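Participant: The structure follows.
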Amino acid sequence: MTTNTLTTGAPAANGERSSLTRLYLIRGLLAVVWAVVFAGAHDTLDAAAITLLVVYPLIDAVSSVIDHRALTDGSERRVTAFNAVLSTLAAVAVGIAGAGSFATVLSVFGAWAVLSGAAQAVVGLRRRGPEFGKQWPVLIAGGLSFLVGIFYIVQAAGDDPSLDVLSTYATGGGVFFVVQAVLLAWKARQQRARTV
């Protein structure tokens, strides 16, 4: 039987929450920066746009690897590992799709958004509790990613697929991660105030 770090005592739990807060904050800010840069570089599928398209899932992959290394064995760790592999494969697939059309890129990105959003929602559900709060921002972001991914796949099959939507997607995801980081920091501050 494995022991979750949350049950090993307050210092371990506080350290894990602090690491997760930093990870969520950095991940969220990187997503927003990516969205701003991509908004001005996606009119054509040139080298800059394709590079940015590859970088975005890699941000998710690296974040998942960092998160995975901090977790003990269990379903949450397995889902995080799955997401790291999935996002790495998505980066490769989007890079290959970039040699095609907007529709191809959008459909690949949409498929990744569906699967990674589902994985994110599962991890958020596993983290609900006294140490990490209700995880509403992460759960909402995961659910929206799932739904928006389906929309992207449908849009890719339409007459005029556009990559404009990807900047909005990244901005929304980034904001939700930043909000989750702020909530975790606020919760940590409340708990410190109660122990003083």
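Participant: Using only the alpha carbons of the chain, what is the convex hull's orientation-averaged projected area in square nanometres?
Facilitator: Numbers: hull surface 42.4 nm².
Averaged projected hull area, Cα only: 10.6 nm².
Participant: Projected onto the charge dipole of the range 11-195 (+1 at Lys/Arg Cβ, -1 at Asp/Glu Cβ, origin at the Cα centre), which of W136, Y152, V165 gives the Cα projection farthest towards the positive end?
Facilitator: W136
Participant: Shifting gears a bit: Taking the Cα centre of the chain as origin and charging only Cβ (+1 Lys, Arg; -1 Asp, Glu), how large is the dipole, in debye to the nearest 20?
Facilitator: On the way: 14 positive and 11 negative charges, 253 e Å.
Dipole size: approximately 1220 debye.
Participant: Take each uninterrupted DSSP H stretch in the chain, measure its Cα extent along the helix axis, and return the ones at 27 Å or beyond whose mean Kyte-Doolittle hydropathy is at least 1.6.
Facilitator: Numbers: long enough: 10-39 (43 Å, 0.88); 47-70 (35 Å, 1.28); 75-97 (32 Å, 1.00); 102-126 (35 Å, 1.46); 136-156 (29 Å, 1.78); 164-195 (48 Å, 0.29).
Passing helices, by number: 136-156.
Participant: Which of the listed residues, V114, G74, V33, is farthest toward the dipole's positive end in the chain, when Lys, Arg count +1 and Asp, Glu count -1 at the beta-carbon?
Facilitator: Looking along the dipole axis, the top candidate is G74.
Participant: Given the options S64, S145, S75, state which has the largest fluctuation in a GNM of the chain using a 10 Å cut-off (strictly under) for Cα springs.
Facilitator: Answer for the Gaussian network model of the chain: S75.
Participant: Out of all Cα-Cα pairs in the range 51-120, roughly what percent, to the nearest whole number, are more than 21 Å apart? If you can, show how the numbers build up before the last one.
Facilitator: Values: 597 of 2415 pairs.
For the range 51-120, the fraction of Cα-Cα distances above 21 Å is 25 percent.
Participant: Determine the sum of side-chain charges near V37: Lys and Arg each +1, Asp and Glu each -1, restricted to other residues whose C-beta is under 15 angstrom from that of V37.
Facilitator: Neighbour charge sum, excluding V37 itself: -3.
Participant: What is the chain's relative contact order, in percent, from Cα pairs under 8 angstrom and six or more apart in sequence? Before the final figure, lay out each step's value.
Facilitator: Numbers: 267 pairs, mean separation 58.4, N = 196.
Averaging sequence separation for qualifying contacts and normalising by length gives 30 percent for the chain.
None of the figures in this text is laboratory data; all of them are computed from the coordinates on show. Note that the structure is predicted; figures quoted are calculated from it, not measured. Ideal geometry is used to build each Cβ from the backbone, glycine not excepted, and the neighbour counts take in all protein chains shown.
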